[in-house]
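Working notes for the structure below.
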Amino acid sequence: MIAYLEGKIIFKKDKYIVLNVNGVGYKVFLSQKALSMIPETGGIINLFCFTNVKENAIDIYGFKTQKELEFFGVLESIRGVGPKAALEISSLGSLEDIKEKVLARDEKIFDGIPGIGKKKAMTIILELTGKIRELSPFHAKASEDEAEEGLVGLGFPRQKAKLALKDIPKTLPAEERIKQALKLLGRES
């Protein structure tokens, strides 16, 4: 897998660049934010890369820092979020801004990204909340019960969320506790 590239930009388009690395041209997809910050054609750039191998293509996604690459990997690992959506999400602002909005359960952060409606936004936020805390030293106020906060974020009254969670073991991961509580509440995750 291609994990890092350094070379000369020979072509720049709306969503990608072509990077000349020792005579080989690599098509590397970048976020809009990254594209606006890189040098013009002819400039030298180094990128951390995620290589996505599909049946009919190999796509490379580039990032200026290792942290951006890690965050992209977390986004891309969420069911229903592919690499192109993850790249768009990762370009919504600074890494810290995105983390802050996700931890605040602000689903409006995903407005304008094709294929991500309110329901999918809440699913992404729920899955990201725990993963973001593990990703970096960034810490927001930790709620006493992440599963309870997740249910409240989905629109359930706090008291109803507490009742649904009271018999579900706290030793389970928050995502699993939420799934079980949703079943009890008559909803599917």
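Just to verify a result, which residue in the range 149-176, among those that are of a type in the set (D, E, K, R), surrounded by 15 or more Cβ atoms within 10 Å (Cβ to Cβ) and touching an Asp or Glu at 6+ places or on another chain (Cβ under 8 Å), is nearest to LEU128 (Cα to Cα)?
Applying the filter and picking the extreme gives GLU175.
Considering only the range 53-96, state which residues are within 21 Å of THR129 (Cβ to Cβ) and of a type in the set (Lys, Arg).
Of everything in the range 53-96, those that are within 21 Å of THR129 (Cβ to Cβ) and of a type in the set (Lys, Arg) turn out to be LYS67, ARG79.
Is there any pair with a first residue in the range 91-114 that is more than 14 Å from PHE72 (Cβ to Cβ) and free of Cβ contacts under 8 Å to residues at least 40 places away in the same chain and a second that is open to solvent by 30 Å² or more (accessible area, probe 1.4 Å) and basic (Lys, Arg) whose Cβ atoms are under 7 Å apart and which are 6 or more apart or on different chains, and what are they?
Note: pairs meeting the criteria are GLU107/LYS118; ILE109/LYS101.
For the range 1-111, list the helices (runs of 4 or more DSSP H) that sit wholly inside it and hold at least 2 residues that are among the hydrophobic types (A, V, I, L, M, F, W, C) and exposed (fewer than 11 other Cβ atoms within 10 Å of the Cβ); which are they?
none
Condition (residue is among the aliphatic types (A, V, I, L, M), modelled with pLDDT of 80 or more and either surrounded by 18 or more Cβ atoms within 10 Å (Cβ to Cβ) or within 13 Å of the chain's Cα centre (by Cα) (or both)) applied to the range 129-142: is it met by at least one residue?
No: the range 129-142 contains no residue that is among the aliphatic types (A, V, I, L, M), modelled with pLDDT of 80 or more and either surrounded by 18 or more Cβ atoms within 10 Å (Cβ to Cβ) or within 13 Å of the chain's Cα centre (by Cα) (or both).
Do you know which of the residues in the range 1-40 that are at pLDDT below 90 and polar (S, T, N, Q) is nearest to LEU75 (Cα to Cα)?
Out of the qualifying residues, it is SER31.
If you check every pair at least six apart or on different chains, which have Cβ atoms under 6 Å apart with a residue in the range 43-60 that is more than 10 Å from MET1 (Cβ to Cβ) first and a residue that is part of a loop (DSSP other than H, G, I, E, B) second?
ILE45/ILE38
The values are calculated or read from the model by the stated rules, or taken from the named source; none is laboratory data. From a predicted model like this one, the values you see are computed outputs, not experimental measurements. Positions of Cβ are backbone-derived with ideal geometry, glycine not excepted, and every protein chain shown enters the neighbour counts. Please note that ligands, DNA and RNA were not included when accessible areas were found on the heavy atoms of the full protein model with its side chains. Shrake-Rupley method; radii C 1.70, N 1.55, O 1.52, S 1.80 Å.
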